[in-house]
Amino acid sequence: MEVVIVPDAAAGGELIAEAVAGLLRRKPDALLGVATGSTPLPVYQALAGLVRGGAVDASRARVCQLDEYVGLPAGHPESYRSVVLREVVEPLGLSPDAFLGPDGSAPDVLAACEAYDAALASAGGVDLQLLGIGTDGHIGFNEPCSSLASRTRIKTLTEQTRVDNARFFGGDISQVPHHVITQGIGTILEARHLVLLATGEGKAEAIAQTVEGPVAAVVPASALQLHPHATVVVDEAAASELKLAPYFRATFAAKPDWQGL
Ligand code: PGA
């Protein structure tokens with residue numbers, strides 16, 4: 001995997017937005033897997049800036065969700081469908097028809113999970129999947145000890161994740177759903193390019209385990225080591241526990257411009 005250390009979250013957002021723009025120039029109808037949470041917001045802001053400035057045309061791009069809460073009523077502002085529509089689809093000027101996501105309010109959740117995996121496959125697969133990482137090492141909502149071969153399915157959130165996400169629910173943990181639909185780790189690994197962004201000291205330990213620890217289900221993000229094209233973008237704080245940081249810095253500094261992420 002490639003590890004890129006950037007000065008701050010804004011620089012990470014710009015770097016990844018440029019990579020997405022490059023993909024859209026090569027493949028205007030690319031399917032972009034988008035993540036929710038606070039971390040990816042600078043990516044979406046930078047990408048919207050590139051679109052507004054005419055540096056890239058995103059009008060044919062398609063987006064798909066990584067995960068979704070189960071049981072929030074349709075249209076709830078913190079459902080990930082609402083978040084992706086608000087933070088990605090609208091600012092990029094995409095059609096809501098260009099958007100795929102699992103139905104977290106479906107009466108038959110298992111069928112909704114299977115239908116989502118099938119929809120991703122019939123859409124031609126994800127070209128670039130953006131990922132955040134949980135303080136517990138989750139990707140999507142694949143909590144520790146998720147099968148590395150898992151498909152889209154229902155998962156139960158850890159207490160830590162519910163505490164972490166309570167800020168989106170007015171600080172009230174009782175409002176954070178216990179269950180989610182998440183792309184499985186096996187599903188995520190099928191994307192052609194994985195780009196994980198982590199910022200802040202709270203992610204430093206999870207990043208060190210992901211990048212320099214063994215591949216282990218207890219750190220779900222370590223599955224990125226199995227992917228042929230995985231990029232981990234970290235700010236200085238999130239990189240602070242990486243022993244190989246000097247090597248990662250030197251490698252990126254020496255990288256030819258044409259290579260991209
Ligand atoms: P965060 O969430 O970006 O809000 O920290 C990351 C995640 O849980 O994947």
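Overview of results
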| read-out | value |
| --- | --- |
| Selection from the range 145-173 of residues that are in a strand (DSSP E or B) and either among the aromatic types (F, W, Y) or over 17 Å from I188 (Cβ atoms) (or both) | T156 |
| Test: residue in the range 155-164 that is within 11 Å of the ligand (Cβ to nearest atom), free of Cβ contacts under 8 Å to residues at least 60 places away in the same chain, open to solvent by less than 10 Å² (accessible area, probe 1.4 Å) and within 30 Å of P73 (Cβ to Cβ) | yes |
| Residue match in the range 86-95 (condition: within 16 Å of the ligand (Cβ to nearest atom), within 25 Å of E190 (Cα to Cα) and buried (at least 20 other Cβ atoms within 10 Å of the Cβ)) | yes |
| Total residues in the range 131-149, condition crowded, with 21+ Cβ neighbours inside 10 Å and hydroxyl-bearing (S, T, Y) | 1 |
| Which listed residue is within 13 Å of the ligand (Cβ to nearest atom) and of a type outside the set (D, E, K, R), from A216, A223, A204, A191 | A204 |
| Any hit, the range 206-213, residues being among the aliphatic types (A, V, I, L, M), open to solvent by 10 Å² or more (accessible area, probe 1.4 Å) and in contact with a His (Cβ under 8 Å, 6 or more places away or on another chain) | no |
| Per-region count, the range 105-144, residues in a loop (DSSP other than H, G, I, E, B), away from the ligand (no atom under 16 Å from the Cβ) and touching a residue at least 12 places away in the same chain (Cβ under 8 Å) | 6 |
| Test for A149: is it within 16 Å of the ligand (Cβ to nearest atom) and either at pLDDT 95 or above or over 19 Å from the mean Cα position of the chain (by Cα) (or both) | no |
| Qualifying residue in the range 80-103 (condition: touching a strand residue (DSSP E or B) at 6+ places or on another chain (Cβ under 6 Å), over 17 Å from L197 (Cβ atoms) and in a loop (DSSP other than H, G, I, E, B)) | yes |
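The values are calculated or read from the model by the stated rules, or taken from the named source; none is laboratory data. From a predicted model like this one, the values you see are computed outputs, not experimental measurements. In this analysis, Cβ positions are derived from the backbone assuming ideal geometry, glycine residues included, and neighbour counts consider all displayed protein chains. To get the accessible areas, we keep the full protein, side chains included, count just its heavy atoms, and leave off ligands, DNA and RNA. Shrake-Rupley method; radii C 1.70, N 1.55, O 1.52, S 1.80 Å.
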